[in-house]
Each structure stands twice: as C-alpha cells, then as structure tokens.
Amino acid sequence: MSEHPLPLRLGVNIDHVATIRNARGGVFPDPVEAAKLSEQAGADGITAHLREDRRHISDKDIERLIEKLSVPLNFEMAPTSEMLEIALKHQPHAACLVPEKREERTTEGGLDVAGGFNHLKPIVDKLRNAGIRVSLFIEPDPVQMDAAVALGAPVIELHTGAYCDARQVERRQHLDRIISAAAHSAEVGLECHAGHGLTYDTVGAVAALPEVLELNIGHFLIGEAIFSGLESAIKRMRARMDTARAEAGTPKST
Ligand code: PXP
C-alpha cells in the first residue's frame, strides 16, 4: 500500500432532498440549495440521478445545477437515448451510467457491462466525444471491469451496497471483493470510485483503499441532516474519510 495515497474526493448525492420536496409537490426543500450548502461544507462534487420516472430529481433541477454549481456535477443516468440526449444538452462534467428498473427502490446491483456491451458502446462513445467523463456503476467483479476497459470507459464506480447491507463475516467477504476489485482497477488502468449505502460506520474501510479516488454518498447524509444539519453531516463524513485515508497511508511501526 502506498505511503501517500492520492486525495479522496467526496461527491454528495442530493437526490433525496428532491424526494422530500416531491412528497408535497412544492418547491421545498430545494436540492440546488442543498448542493450549494454541500459545496460550502467541503463536497468536491455533486451527484444527481435523473430517473426515467422523475421520482426525485427533475429536468429543471439538472438545468439549475448546471447553472449554479461551482464544483463538478456527476450526472447519474440510465443508458437510454432519452438520458443521452439530456446529458449531451447539458454537458455535465461527468456521467455515471447506472442500471435502472422502474420498480426498484434504489439502484439495485451494478450495470452488466459485459452483457450489454453492444448497447453501451455508442452511448459511451458519444458521451466521451462530447468531453464528458464516463463512469460505469458496476459490481466489484473483474469481468465487468475488463469489459469497461474494452468499452473505453475511463472510470468505474464500485457498488458498495451489498457490503453496507451485510453483517459480520458476510460484510468482510463483500469488503474483500471491493479490495480485490480496487486493486484490479489499478492494474487495468481504470480510475476507481465507489458508493451506495455508505455510512459513518462503513465508509472508513473503503476510504482506506488507495486506488479509490472518489466516494459518492447520499441517502445516509440526507438522513443525518435531519438530526445534525447537512453541513455537520458532510463534515463528519469527510473527517471519517480523511482519518481512514491518513491511517492507511501511515507506515505501521514494527
Ligand atoms: N453511486 C451511485 C451510482 C448511485 O446510484 C447512488 C444512489 O443513487 C449512490 C452512489 C449513492 O448511494 P446512497 O444514496 O445510498 O449513498
């Protein structure tokens, strides 16, 4: 493990501010205001998922985020022609391709890059040609990572949901898969990100991996904001990430 790991970025996902807003159908709370507050609290980027059914983030939110943000926007999108058109119109800094099913509560499982190669190829090419950094949200599986390389995607985001949901021995097994996948990403030249379901308790082990350069965290932070405020929740998460990273980079005394 490197003694000086590269800095770890925090992308704050503001989808669930929009979920609360949409519960009443009005304009409060405003996800763009949450994004600006996240920037002030130390977020390195903002992530937003425009779902096909528009259950949280709206087209107008994406337009306003592009206009108002000072940090990069990571636009999460299903690999559909509708979403491709929206991404090309708004030109976010990054686009993360995620699988999407209407009936799911959240993004369950990663994208099947190997199986969907022919469908994904033109979408990845068009995004890349437009100068948008493409990432693929995948399970920690070397087969999917090798397919990402073949597709020409520069970045993968490892799905940490199974690790976060599991307990004890099973959690350790899921973490081991993430550790191996992160190491594999470096071997095959992919930039490695991770996210989904991360909390104060689960973030440290992932933040400690030197190959992981970005974490995207949403649901837990927005939930914590109810109790401690968004700024405090982000700062606390950031501190946990930084501590785990620093400890991982400190040589152990013998
Ligand atoms: N990364 C991706 C690709 C996601 O789809 C999500 C959920 O929208 C997240 C990260 C953030 O997950 P969570 O809201 O559970 O922190």
State the answer as a single residue: which of P7, S58, A43 lies farthest towards the positive end of the charge dipole of the range 1-80, with beta carbon charges of +1 for Lys and Arg and -1 for Asp and Glu, about the Cα centre.
-> S58
Shape descriptors of the range 1-126 over alpha-carbon atoms, Rg and Dmax in angstrom, are 15.5, 50
Tell me, what is a quarter of the convex hull surface for the C-alpha atoms of the chain, in nm² with one decimal?
-> 13.8 nm²
For the chain, calculated [θ]222 nm from helices alone, where every DSSP H run of n ≥ 4 adds -39500 (n - 2.57) | -15000 deg cm²/dmol
Length-normalised contact order of the chain in % [C-alpha pairs under 8 Å, at least 6 apart] = 21 percent
Over 19 Å between C-alpha atoms is what I'm after, so list which of K89/K126; K60/K101; K60/K89; K36/K68; K36/K101 land there.
-> K60/K101; K36/K101
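Which whole-number percentage describes the relative contact order of the range 30-112, with Cα contacts under 8 Å and a sequence gap of 6 or more?
Relative contact order for the range 30-112 comes out at 25 percent.
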Any idea how far the Cα center of the range 180-220 sits from the one of the range 88-165, in Å?
-> 15 Å
Over all alpha-carbon pairs of the range 110-254, lay out the pair-distance distribution in 5 Å bins, whole %, shortest bin first.
-> 2, 10, 18, 19, 18, 14, 10, 6, 2, 0, 0
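Give the dimensionless ratio obtained when the Cα radius of gyration of the range 105-193 is divided by 2.2 N^0.38 Å.
Dividing the Cα radius of gyration by 2.2 N^0.38 Å gives 1.11.
Taken together, the values in this text are just the output of simple stated rules run on the coordinates, not laboratory data. Small disclaimer: the values here were computed from a predicted structure and weren't measured. Every residue, glycine as well, gets a Cβ built from its backbone with ideal geometry; the counts of neighbours run over all protein chains shown.
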